[in-house]
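Comments concern the structure below.
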Amino acid sequence: MKISFSEKMDLPKSGMLAIGIEEGGHLPPAARTVDEASGGAVSRALAGNRFNGKKGDSLTLVAPAGMECARIVLFGVGKGLQQLDWLSLGGKLVKAGNGAGDKQVAILLDCGAEDLAAAASDMAEGAMLGAYRFDKYFTKQKADEKPSVKTLSVHVAAAADARKAFKPRAAVVDGVYLTRDVVSEPPNVIYPETLANVCKELEELGVKVDILNEKKMAKLGMGALLGVGQGSVRESFLVSMRWDGGAKNKAPVAFVGKGVTFDTGGISLKPGPGMEEMKWDMGGSGTVIGLMKALAGRKAKVNAVGVVGLVENMPDGNAQRPGDVVTSMSGQTIEIHNTDAEGRLVLADALWYTQQEFKPKAIIDLATLTGAIIISLGHEHAGLFANDDALAEQLSVAGKASGEEVWRLPMGDAYDKLLTSDCADMKNIGGRAAGSITAAQFLQRFIKDTPWAHLDIAGMAWGSKDKPTSPKGATGYGVRLLDRYVSDVHEA
Ligand code: BES
Ligand code: MN
Ligand code: ZN
């Protein structure tokens with residue numbers, strides 16, 4: 001889909017023309033030419049319908065006389081919309097266009113916000129987010145199932161400002177697309193080596209990529225991560241991606257992702273039904289990779305590092321057993337009680353490595369870590385755990401602003417004690433109670449004194465319902481949240 005902004009509007013020759021209408025139902029000044037061209041059809045429709053511009057309402061005029069476009073959609077902007085409303089409106093209009101088979105969507109925007117250029121950019125961003133498809137494996141897709149909208153033009157007075165505002169947002173959406181792509185890909189296509197190759201491609205944008213193979217990780221003593229991958233015929237990797245867009249010698253902010261490209265549970269095998277969903281278990285790393293693409297793509301003025309631990313958790317003659325004791329890079333030993341609690345083992349070494357190697361000023365990890373977080377928070381918030389109130393607050397604020405929300409859960413010594421093992425420094429599960437919290441406590445044992453936050457995104461990486469800005473499937477959750485956090489906190 002091609003997106004453009006312009007001040008002057010040529011009446012569209014086909015497809016949809018969408019016009020914003022303020023509550024009260026008056027025709028905005030810029031729409032007068034449309035009204036005239038249609039012989040007053042738009043003002044007649046406004047006068048003769050209940051629709052009066054209320055937020056969320058719309059009115060469609062089909063095949064308006066005197067005009068070449070297929071339909072005019074009047075959309076209500078109420079008494080003015082907020083940023084997230086504009087995003088979802090953009091998504092909804094493109095969805096409507098695709099539903100009708102329109103090739104062109106033109107939007108006429110001259111009411112509903114003080115800063116119309118920003119609103120125009122937000123609509124375009126929402127449109128792009130909503131237009132995403134992962135359909136490469138359908139060989140028999142019918143024409144009427146394919147997205148039809150090829151061009152989106154937004155007509156707004158300050159078009160140059162809108163264009164300028166949209167440029168970095170388009171880079172962020174590119175990052176979201178990359179996340180959605182790698183999370184959607186099947187596990188025979190995306191596995192540790194191929195996901196590492198995706199990271200490597202970010203070099204084109206100026207990201208410095210370093211890939212550690214099993215031999216190098218063994219040398220560093222990453223027994224926790226390596227134990228998870230040892231039952232797989234596919235080699236494990238740990239990849240770091242650096243974007244140095246900030247001042248030289250300034251400590252970076254670090255993002256660490258769980259990249260279990262398929263989680264069978266290992267010897268503690270998961271039940272068969274639904275196991276295919278565990279291709280999304282690299283969602284945390286997918287978000288980190290998309291975020292690095294977004295930051296590099298918009299040339300963010302920040303030093304940021306993304307680290308992903310890439311493994312496949314398989315049962316096998318050589319797989320790790322319940323009862324095994326592994327030694328992590330930190331030197332702490334872990335008794336494995338359940339080979340399905342593997343994400344924390346991968347992160348233990350990835351977090352330790354990140355602190356040793358990059359001395360970050362803050363570290364945020366993302367992981368589809370526990371099923372329990374879905375029981376707690378459903379699909380509306382990621383679970384947030386932190387050792388630092390300021391960092392937790394910054395992420396909550398960025399969550400509200402981006403619409404990718406987080407909810408903080410408690411941590412504490414009493415939870416930490418549940419990890420006590422009879423034969424090693426800790427065991428890798430805490431029991432049925434507070435499963436997401438004990439997982440976070442486990443991770444915290446691998447944090448030195450760096451401000452740290454953990455986002456459990458098990459309920460967020462994938463959606464089973466279409467939403468205006470994210471079609472069902474991989475959501476790309478976290479890219480826009482963390483991009484916002486970076487711009488608010490580290491670029492301000
Ligand atoms: N990848 C899963 C968590 C998960 C479950 C994500 C469902 C998305 C949907 C993780 O590796 C896991 O298996 N966790 C176990 C932990 C348990 C063994 C302590 C879980 O949540 O059941
Ligand atoms: Mn698991
Ligand atoms: Zn897992």
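The values are calculated or read from the model by the stated rules, or taken from the named source; none is laboratory data. Computed from a prediction, not measured in an experiment: that's the story for all the values here. Reconstructed Cβ throughout: ideal geometry from the backbone, glycine too, with neighbour counts over all protein chains shown. Accessible surface is based on the protein model in full, side chains and every heavy atom, while ligands, DNA and RNA are left aside. Shrake-Rupley method; radii C 1.70, N 1.55, O 1.52, S 1.80 Å.
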Formal net charge of residues neighbouring LEU481 (Cβ-Cβ distance under 13 Å; K, R +1; D, E -1)
-1
A 1.4 Å probe over the protein heavy atoms gives the chain a carbon and sulfur accessible-area percentage of 51 percent
Roughly speaking, what is the centre-to-centre gap between region 245-303 and region 400-439 when only Cα atoms are used, to the nearest Å?
20 Å
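Could you please tell me the mean projected area of the C-alpha convex hull for region 131-193, averaged over all directions and given in square nanometres to one decimal? Numbers along the way, then the final one.
On the way: hull surface 25.1 nm².
Computed as one quarter of the Cα hull surface, the answer is 6.3 nm².
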Kirkwood-type radius of region 298-410, with distances r between different C-alpha atoms, in Å:
16.5 Å
For the pair ASN338 and LYS219, the simple spin-label estimate (label points 7 Å beyond Cα toward Cβ) gives in nm 3.7 nm
At q = 0.30 Å⁻¹, work out log10 I(q)/I(0) for region 6-49 with the Debye formula, treating every Cα as an identical point scatterer and leaving solvent out; two decimals please.
-1.31
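Taking 0.36 nm per intervening residue step and subtracting the Cα-Cα distance, what contour gain separates ASP488 from LYS299 on full extension? Mind dumping the intermediate values first?
Details: separation 189, 0.36 × 189 = 68.04 nm, distance 1.50 nm.
That pair, ASP488 and LYS299, stretches by 66.5 nm at full extension.
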Once the in-chain neighbours fewer than 8 apart are removed, the lysines whose Cα is under 21 Å from LYS427 read LYS258, LYS270, LYS417, LYS448
Karplus-derived HN-Hα couplings along region 64-73 (A = 6.51, B = -1.76, C = 1.60, θ = phi - 60°), whole Hz, x at Gly and Pro:
x, 4, x, 10, 8, 6, 7, 7, 10, 10
For LYS299, go through the lysines and keep the ones whose alpha-carbon is under 23 Å away, minus same-chain ones fewer than eight residues off.
LYS2, LYS164, LYS167, LYS200, LYS208, LYS248, LYS250, LYS359, LYS361
In Å, the C-alpha Rg and Dmax of region 152-249 are 18.9, 60
Karplus (6.51, -1.76, 1.60) ³J(HN,Hα), θ = phi - 60°, over region 4-10, in Hz, Gly and Pro reported as x:
9, 10, 8, 7, 8, 10, 8
How big is the charge dipole of the chain about its Cα centre, in debye rounded to the nearest 20, if each Lys and Arg gets +1 on its Cβ and each Asp and Glu gets -1 on its Cβ?
940 debye
Counting only other residues whose beta carbon sits under 15 Å from that of LYS448, what net charge do I get with K and R as +1, D and E as -1?
-2
How would region 347-492 be classified by its alpha-carbon gyration tensor: rounded, prolate or oblate, with rounded meaning a/c under 1.5 and the a/b versus b/c comparison settling the rest?
oblate
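What translational D, rounded to a whole number of µm²/s, comes out for region 86-176 from Stokes-Einstein when the hydrodynamic radius is the Kirkwood one over Cα pairs, at 37 °C and 0.692 mPa s? Let's see the in-between values first.
Working: Rh = 13.7 Å.
Reported coefficient: 239 µm²/s.
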Report the far tail of the P(r) of region 35-115, meaning the percent of Cα-Cα pairs longer than 17 Å.
49 percent
Residue by residue through region 146-153, which ³J(HN,Hα) values in whole Hz follow from phi under the Karplus form 6.51 cos²θ - 1.76 cosθ + 1.60 (θ = phi - 60°), with glycine and proline marked x?
7, x, 9, 5, 9, 10, 10, 10
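For the chain, give me the percentage of DSSP beta bridges that are antiparallel, rounded to the nearest 5 percent.
Numbers: 28 of 74 bridges.
Antiparallel: roughly 40 percent of the beta bridges in the chain.
Which GluC sites (Glu not before Pro) from region 376-416 combine a DSSP loop assignment with at most 14 other Cβ atoms within 10 Å? If you can, show how the numbers build up before the last one.
Details: sites: GLU380, GLU393, GLU404, GLU405; in loops: GLU380, GLU404, GLU405.
Counting only loop positions with at most 14 other Cβ atoms within 10 Å, the GluC sites (Glu not before Pro) in region 376-416 are GLU380.
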Among DSSP beta bridges lying fully in region 2-157, give the percent that are antiparallel, nearest 5.
20 percent
Can you give me the long-range amide H partners of VAL256? Hydrogens built in the peptide plane at 1.01 Å from N, cutoff under 5 Å, separation of 5 or more residues or another chain.
VAL307, ILE364, ASP365, LEU366
A chain fully extended from ARG432 to LEU84 at 0.36 nm per residue, minus the present Cα-Cα distance, gains in nm 121.5 nm
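Is it possible to state the helix-based mean residue ellipticity at 222 nm for the chain, with each DSSP H run of 4+ residues giving -39500 (n - 2.57), the sum divided by total residues, to the nearest 500 deg cm²/dmol? What is it?
On the way: 15 runs with 167 residues, N = 492.
After summing the helix terms and dividing by residue count, I get -10500 deg cm²/dmol.
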Assuming 0.36 nm per residue, please report the length gained on full extension of the stretch ASP316 to ALA158 beyond their Cα-Cα distance.
50.7 nm
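Would you work out the relative contact order for the chain, in percent, from Cα pairs under 8 angstrom that are 6 or more residues apart? It would help to have the intermediate numbers written out before the result.
Working: 1200 pairs, mean separation 73.5, N = 492.
It comes to 15 percent, rounded to a whole number.
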Would you grab the residues whose amide H sits under 5 Å from the one on HIS337? Only those 5+ places off in sequence or on another chain, please, with H modelled 1.01 Å from N.
GLY323, ASN428, ILE429
Averaged over every viewing direction, what's the projected area of the C-alpha convex hull for region 172-490? Give it in nm², one decimal, please.
14.4 nm²
